[in-house]
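Participant: One structure follows; several queries about it will come next.
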Amino acid sequence: MKVGMAFHITFNSLKKAWNDFDADHIVFCLEGRSWRKDVYEPYKRNRQAARDALTEAQQEEEKVFWETFDSFRDFITNKTNCTVLQHDELEADDLIAGWVQHHPNDDHAIISTDGDFTQLISPTVCQYNGVSNTTITHEGYFDDKGKRVVDKKTGKDKLAPNPQWALFQKCVRGDTSDNVFSAYPGVRSKGTRNKVGLEEAFNDMQTKGYSWNNLMLQRWVDHEGNEHRVLDDYNRNVELCDLTAQPQYIKDKIYNTIVENAQPKNIPQVGLRLMKFCALYDMQRITDNAQAYAEPLQARYPVL
């Protein structure tokens, strides 16, 4: 029942996004084991601890999830005309960013709740959060009716994110969700008379003047007595967090994965194949309206 509901939500989200963004092709980017674990041992180690703490019933649910995920992956790969990107060493984030970078003349709508994609927002890239029903663009935050989202704290329209500032903050402060440690624990956003803050360093990033160097050359000692220089840990976090700053050998794998899989597919009768898939998980409502749900799944790449 839970599996069928999850698939039902997925197909409804695809159909809604397809119509709302007047889309012409769907690209699925799937997770692999991240290369980041090889260059930074603590990366996402906190998630393994959470998995180890699962009860027996929860472990069984997770097992069922991955079994059905394989079924879904097989369906979108072999029974639809969607592009499906996956590589053993790449995260979905790498592939999404890579797809955007290799299709600079196209408009892109990223369907995700992940805040990591803020760094990609531009005039040609927006992000749709299906949980909050919010679209993030370079002009601001909008609800599903196209009205600007009001910031609850200020009572004013929520301002568009600054991708460069968001990324800079993340690279200095770290990312607790991915277990990426801070380059400068306790650093303030705005500086004081005696200490430079993130804002001053960010504004000095291009010229690399006093404020930048004052912050980046600071040193601190962790709880194990190890000394850190902010610049060293910042550069480490840039490689981990900046979706344009992967090592060259990783960029090559991203490019090759896209080239190998972004090929025209000509799968016929996608609607019928969708109905057969729905029958496996008792998704009668989608079956009854299969053609509407199949439309985004049968659109081929490249768009002509």
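The values are calculated or read from the model by the stated rules, or taken from the named source; none is laboratory data. In this text the structure is predicted, and so the values were computed from the model without any measurement. Because the Cβ atoms are built from the backbone with ideal geometry, glycine has one as well, and the counts that use them run over all protein chains shown.
Participant: Among all residue pairs at least 6 apart or on different chains, which show Cβ distances below 8 Å where the first residue, located in the stretch 219-232, is farther than 23 Å from Lys208 by Cβ and the second is part of a strand (DSSP E or B) and among the acidic types (Asp, Glu)?
Facilitator: Final answer for the pair search is Val221/Glu227.
Participant: Any idea which of Tyr281, Tyr293, Tyr255, Tyr249 is under 24 Å from Val27 (Cα atoms) and exposed (fewer than 12 other Cβ atoms within 10 Å of the Cβ)?
Facilitator: Unique residue meeting the criteria: Tyr249.
Participant: Still on this structure, I have one more. How about the stretch 117-165: which strands (runs of 3 or more DSSP E) wholly inside it have at least 1 residues that are in contact with a strand residue (DSSP E or B) (Cβ under 6 Å, 6 or more places away or on another chain) and at positive phi? Walk me through it before giving the result.
Facilitator: Numbers: elements: 125-129, 134-137, 140-142.
Per the criteria, 140-142.
Participant: I'd like to know if the stretch 55-72 contains one or more residues that are touching a strand residue (DSSP E or B) at 6+ places or on another chain (Cβ under 9 Å) and surrounded by fewer than 14 Cβ atoms within 10 Å (Cβ to Cβ).
Facilitator: So far as the stretch 55-72 goes, no, none of its residues is touching a strand residue (DSSP E or B) at 6+ places or on another chain (Cβ under 9 Å) and surrounded by fewer than 14 Cβ atoms within 10 Å (Cβ to Cβ).
Per-residue answers, yes or no, for (1) of a type in the set (Ser, Thr, Tyr); (2) part of a helix (DSSP H, G or I):
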residue	(1), (2)
Gly186	no, no
Ser189	yes, no
Leu231	no, yes
Val238	no, yes
Leu243	no, no
Pro264	no, no
Gln291	no, yes
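Participant: Could you tell me which numbered condition Thr207 fails, if it satisfies all but one of (1) surrounded by fewer than 12 Cβ atoms within 10 Å (Cβ to Cβ); (2) touching a helix residue (DSSP H, G or I) at 6+ places or on another chain (Cβ under 6 Å); (3) hydroxyl-bearing (Ser, Thr, Tyr)?
Facilitator: That leaves (2) as the condition not met.
Participant: Would it be correct to say that Asn194 is more than 30 Å from Gln48 (Cα to Cα), modelled with pLDDT under 95 and polar (S, T, N, Q)?
Facilitator: Details: more than 30 Å from Gln48 (Cα to Cα): yes; modelled with pLDDT under 95: yes; polar (S, T, N, Q): yes.
The answer is yes for Asn194.
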